[in-house]
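Notes to accompany the following structure.
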Amino acid sequence: MTVNSLEALDRRHWVHPVANWAGHEKRGVTVMKSAKGAFITDADGHELIDGFAGLWCVNVGYGHESIVEAAARQMRELPYATGYFSFGSEPTIRLAAKLAELTPGDLDHIYFSLGGSDAVDSALRLIQFYYNVTGRPTKKAILSLERGYHGSSSTGAGVTALPAFHAGFDFPAHVHHYVTPPYAYRNPTGSGDAAVIAASVASLRAKVAELGAENVAAFFCEPVIGSGGVIVPPKGWLRAMRETAAELDILFVADEVITGFGRTGPMFACEAEGVVPDMMTMAKGLTSGYAPLGALAIGETVYRAIADNAPAGGPVGHGYTYSGHPVSAAVALEVLRLYEEGGILANGQRVGAYFEERLATLADHPLVGEVRARGLLAGIELVADKVTKEKLPREAKLPDHLFARGYANGVIFRAFADDIIGLAPPLCCSEAEIDLIISRLRKTLDDVMALPEVAAALKTAKAA
Ligand code: PLP
């Protein structure tokens, strides 16, 4: 089948996730064909370095034969075993035990989902169940960070605080409330670490005071906000938020769907601050995108309370056909082996430090307002004016130009709608591959800056 006919079929039949439908019909699909290591090649033979690891998920890189073999072996032996009827399979049981070992503290109970959204959804549903069966049914409000992203399930989209995921949809808005994020670059009360931490803690306290602790169930947060523009908090922020939530008697849920599995250095970002959440969600790097899988790790207190207080003999009525799919579990076990025994976690830590250094060199570019990174997770915020931090006008269409020029220059990154570049290279990258990402990125920034509509709006360049 030719690429042309694939394009026609795609236009007619595939509704792409988070796409502008009419825009996609006009633009058409870019068919991807093959990938190896940190590189992906499209159907026209154009090879790109994947600075975004797919969708911040292909942490171990593309083309690992050992993962393919693990999946094939499991498919041959037992492609499916339900978790219902108290059935199980060896890889799923071993994976649950391995995740219990890897996650911090007493997060020893693992509920499997198919991805991140339904891991968050599972957390929400089980939190409701937990409070209802332990006699605190008024604790319903869910707090999360402004600019936070937690997926797009029907209940989880409310935890997400990005306008595009709310506009035009209905969700129980009265349940969802938002807290000030650790956004130093645009924090109105100052950019020092202490001020940024204090702003979020005060906002969390104020929200709980406003709603009444007896009405608040939980606080969800990403240790580093991803889709909201890669907002890297100061060290100490996560711990301060965790301690405040405990003090206010609300559950603390760390959403490590992006930050998990070495993305920011340690296996989980919570580890860097000795934080043990009540629940943790994970997906993406768990299988490095080789198969769909997510998980919710549940701490002892919540798990025991549900086990001991659920109506006798009745189900905890939450489950999926593919909860704990054995093929995905076999893939995850091999991916986890590659992080540890295969040295990919250690490589990511070493190269992550190098990436942070090299990325910082882009700060001198006239378009760049701020570069922020933790390990192999980074954001570059672009502005028209470095001093006032004024954004470029929407009409300059910066994200569209950035993505298109980056693609032409052979580098993939995320170009967020509010002029922020997101980067998440695979953990298997070498220093030379990081250099390639940075040089192609700089060329892309130069190319975009030269476009008449961008040049006309750029105040920094005019002043220089
Ligand atoms: N939580 C976070 C922090 C995410 O970044 C994402 C996806 O990007 C999700 C949840 C949802 O995961 P999924 O897309 O696998 O449903």
Quick one: how many lysine pairs in the stretch 66-340 have C-alpha atoms under 25 angstrom apart, if they're 8 or more apart or on different chains?
-> 5
What ranking do 354-362, 117-125, 88-96 get when scored by the average of other Cβ atoms within 10 Å per residue, highest first?
-> 117-125, 88-96, 354-362
Sort Thr155, Thr189 so the one with the fewest other Cβ atoms within 10 Å of its own Cβ comes first.
-> Thr189, Thr155
Quick one: dipole size for the stretch 11-108, taken about the Cα centre, charges +1 on Lys/Arg Cβ and -1 on Asp/Glu Cβ, in debye to the nearest 20.
-> 480 debye
So how long is each side of the chain along the principal axes, counting just the alpha-carbon atoms, biggest first, in Å?
-> 70, 56, 44
Computed label-point distance, nm, for sites Arg394 and Arg76 using a 7 Å Cα→Cβ extension = 5.6 nm
Report relative contact order for the stretch 75-206 in percent, whole number only (criteria: Cα-Cα under 8 Å, sequence separation at least 6).
-> 15 percent
Bridge type composition, the stretch 66-340 - antiparallel percent by DSSP, nearest 5 = 40 percent
Would you give the gap between the C-alpha center of the stretch 258-304 and the C-alpha center of the stretch 79-148, rounded to a whole Å?
-> 11 Å
Taking the Cα centre of the stretch 118-245 as origin and charging only Cβ (+1 Lys, Arg; -1 Asp, Glu), how large is the dipole, in debye to the nearest 20?
-> 240 debye
For the chain, the dipole about the Cα centre with charges only on Cβ (Lys and Arg +1, Asp and Glu -1), to the nearest 20 debye, works out at 680 debye
Once amide H atoms are placed 1.01 Å from N in the peptide plane, what residues at a sequence separation of 5 or more from His109, or on another chain, have their amide H within under 5 Å of its amide H?
-> Ile298
What 222 nm value per residue comes from the helices of the chain, counting each DSSP H run with n ≥ 4 as -39,500 (n - 2.57) and dividing by all residues, nearest 500 deg cm²/dmol?
-> -12000 deg cm²/dmol
Report the relative contact order of the stretch 66-340, percent, no decimals, based on alpha-carbon pairs under 8 angstrom and at least 6 residues apart.
-> 30 percent
Using r as the Cβ-Cβ distance of Glu247 and Leu451, and R0 as 45 Å, what FRET efficiency do you calculate, to the nearest 0.05?
-> 0.30
Once the dipole of the stretch 66-340 is set up with Lys and Arg at +1 and Asp and Glu at -1 on Cβ about the Cα centre, which of Thr103, Ser144, Met241 lies farthest towards its positive end?
-> Ser144
What ranking of Ser153, Ser191 emerges when the number of other C-beta atoms within 10 Å of each C-beta is taken as an exposure proxy, fewest first?
-> Ser191, Ser153
Taking a ≥ b ≥ c as the square roots of the eigenvalues of the Cα gyration tensor of the stretch 1-117, is the shape rounded (a/c under 1.5), prolate (a/b larger than b/c) or oblate?
-> prolate
Which one of Val159, Val196, Ser122 has its Cα pushed farthest toward the positive end of the charge dipole of the stretch 116-214, where Lys and Arg give +1 and Asp and Glu give -1 at the Cβ?
-> Val196
Counting only DSSP beta bridges with both residues in the chain, tell me the antiparallel percent, nearest 5.
-> 65 percent
Please arrange Phe252, Phe403, Phe219 by counting, for each residue, the other beta carbons lying within 10 Å of its beta carbon, fewest first.
-> Phe403, Phe252, Phe219
Got the relative contact order for the stretch 376-455 handy, in percent, Cα pairs under 8 Å and 6 or more residues apart?
-> 35 percent
Taking θ as phi - 60°, what are the ³J(HN,Hα) couplings along the stretch 32-39 by the Karplus curve (6.51, -1.76, 1.60), each to the nearest whole Hz, with x for Gly and Pro?
-> 8, 10, 7, 7, 8, x, 9, 10
What FRET efficiency do you get for Leu6 and Tyr84 if R0 is 45 Å and r is their Cβ-Cβ distance, rounded to the nearest 0.05?
-> 0.75
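Taken together, the values in this text are just the output of simple stated rules run on the coordinates, not laboratory data. Everything numeric in this text was worked out from a predicted model, so none of it was measured. We place every Cβ from the backbone using ideal geometry, glycine too, and count neighbours over all the protein chains shown.
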